[in-house]
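Nothing in this text is a laboratory measurement; each read-out follows from the coordinates by a stated rule. As the structure is a prediction and not an experimental result, all values here were calculated from the model. Don't worry about glycine lacking a Cβ; one is built from the backbone with ideal geometry, like all the others, and counts go over all protein chains shown.
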Amino acid sequence: MKKVLGIILGGGAGTRLYPLTKLRAKPAVPLAGKYRLIDIPISNCINSEIVKIYVLTQFNSASLNRHLNRSYNFSGFREGFVEVLAAQQTKDNSGWFQGTADAVRQYLNVLQDWDVEDCIILSGDHLYRMDYSKFIDHHRETDADITLSVLPIDEKRASSFGLMKIDNNGRIIDFSEKPEGEALKQMQVDTTVLGLDAEQAKEKPYIASMGIYVFKKDVLVKLLEKNPEQTDFGKEIIPSANKNHQINAFLFDGYWEDIGTVESFYEANLALTIQPKPPFSFFDEQAPIYTRSRYLPPTKLLNSSVTESMIAEGCIIKDCRINHSVIGLRSRIESNCTIEDTLIMGADFYESLPERETTVENGQIPVGIGGGSTIRKAIVDKNARIGQNVQIVNKDRVEDAQREEEGFYIRSGIVVVLKNATLADGTVI
């Protein structure tokens, strides 16, 4: 894999994940209590022995830069790196990336400096574990110009994806974006060609793009330079290249989740707590997910009941009931709290006991969850200060609301407390 360059697309403004992307780039959004979204594709790269990695982003990239610099420092004896390439103005480019392909095009001069054969292009907001070396080996063995990683899917979900048709050799011959009705039927394929058995192929007769591509480096450069008006890989560059280039499909039949919306992000996090076997697990010794080393103390649980939950290190939790929740780094939860179906992201710093006492004496609220509070079906972003006897239960069953001045949003019925927000004692949401 020394001849492979990894390119991770950080995405745009992350409007679907707002307000979690209000103060950070989408790839920097916290995941599973201690990771960041960007840790998933980077870890997949490292586990696949791909160690030359660029991350392309343009919005709120300061926290992403900080995380990458603190997390991924390769030895001076290796040529590996993880580096952010942010949108910038040059004499040839006016600034913002106009799409996935345009983002790579604006940095072609940097990418061309590397003596590599292939470029693997990844998304920064998917949750999955994949050995890219098998993907790239398939790409090279079939001598494809471009290879797309695809998922087999059933008819119920098929119309939500960009679908492809393949011939008997696994070569892609047609594309269709979210087809319905008769157009959907026309996109059925024999997925046994890609490795499914007959029964699986019958259940999942469609293949959908995962947004993961391998290009021969010279083909990638040629396509981007030849078609400057085309700004998106999935909708423009790849379909138009199909006439003159060999584009193959590679089947991935494992867990994969696009966590680009607040609802899917919430559900993917809470699914990690499912027992005995969650759909995705961070407990894999052979393919670990890497992140920043923090050297935090063990979590302290005092007279608390915790069921079907994950709790990161450095927390102090007193006399609480926690069920089906994910509790992030350095969380402080005071007595008599009930936390259910909730993701608490934790805090970036500690407040010492004297600091907390002084804060309370001054009539202010310390970082964490105050005593007697109840939180259900919510996401509490980092450094939130939630007072005593607060009820975050969406009592009116509101689906969507923007209450930024009050410190929260509601997305798909999920209450999202903003980063650094303060909710006064007795607040009811």
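General remarks:
- Largest-first principal axis extents, alpha carbons of segment 59-203, Å: 49, 36, 27
- Cα shape, segment 237-291, gyration tensor, a/c 1.5 rule: prolate
- Residues with amide H under 5 Å from that of V390, placed H, sequence gap 5 or more: S373, T374, G426
- Global form of segment 123-272, assessed from the alpha-carbon gyration tensor, a/c cut-off 1.5: rounded
- Charge sum, other residues only, whose C-beta stays under 14 Å from L31's C-beta, Lys/Arg counted +1 and Asp/Glu -1: +1
- Of the GluC sites (Glu not before Pro) found in segment 347-429, those that fall in a DSSP loop while having at most 13 other beta-carbon atoms within 10 Å are E399.
- Sorted fewest first by neighbouring Cβ atoms within 10 angstrom, T291, T15 come out as T15, T291.
- Working note: 222 nm ellipticity from helices only, DSSP H runs with n ≥ 4, each -39,500 (n - 2.57), summed and divided by the residues of the chain, gives -5000 deg cm²/dmol to the nearest 500.
- Simple label model, 7 Å out from Cα along Cβ direction - A424 to Y18, nm: 2.7 nm
- Cα gyration tensor shape for segment 281-429, rounded if a/c is under 1.5, else prolate or oblate: oblate
- Straight-line cross-link reach from K165 at under 29 Å between alpha-carbon atoms covers these lysines, not counting any fewer than eight positions away in the same chain: K134, K156, K178, K185, K202, K204, K216, K217, K222, K226, K235, K243.
- Put in line by how crowded their Cβ is, counting other Cβ atoms within 10 Å and starting with the fewest, V367, V150 read V367, V150.
- For the chain, a Gaussian network of Cα nodes joined below 10 Å ranks Y266, Y295, Y54 by mean-square fluctuation, and the top entry is Y295.
- Segment 256-286 versus segment 121-171: alpha-carbon centroid distance in Å: 21 Å
- Debye log10 I(q)/I(0) at q = 0.20, 0.21, 0.25 Å⁻¹ for segment 129-181, Cα point scatterers: -0.84, -0.90, -1.07
- Short-range pairs are left out: with C-alpha atoms under 8 Å and at least six residues apart, the relative contact order of the chain is 14 percent.
- Segment L296-A183, extension gain: residue separation times 0.36 nm, minus the distance between their alpha carbons: 35.2 nm
- Potential lengthening between I173 and D284 on full extension [0.36 nm per residue; Cα-Cα distance subtracted]: 36.3 nm
- Once the Cα-Cα distance is subtracted from the 0.36 nm per residue extended length, the S352 to H324 segment shows a gain of 7.2 nm.
- Take the Cβ atoms of N336 and S133, set R0 to 56 Å, and the FRET efficiency comes out at 0.65.
- Once the Kirkwood radius over Cα pairs is known for the chain, the Stokes-Einstein relation at 25 °C and 0.890 mPa s delivers a diffusion coefficient of 106 µm²/s.
- Label zone at F81, where the point sits 7 Å out along the Cα-to-Cβ direction: segment 25-55 residues whose backbone N lies under 19 Å: 42-43, 45-46, 49-55
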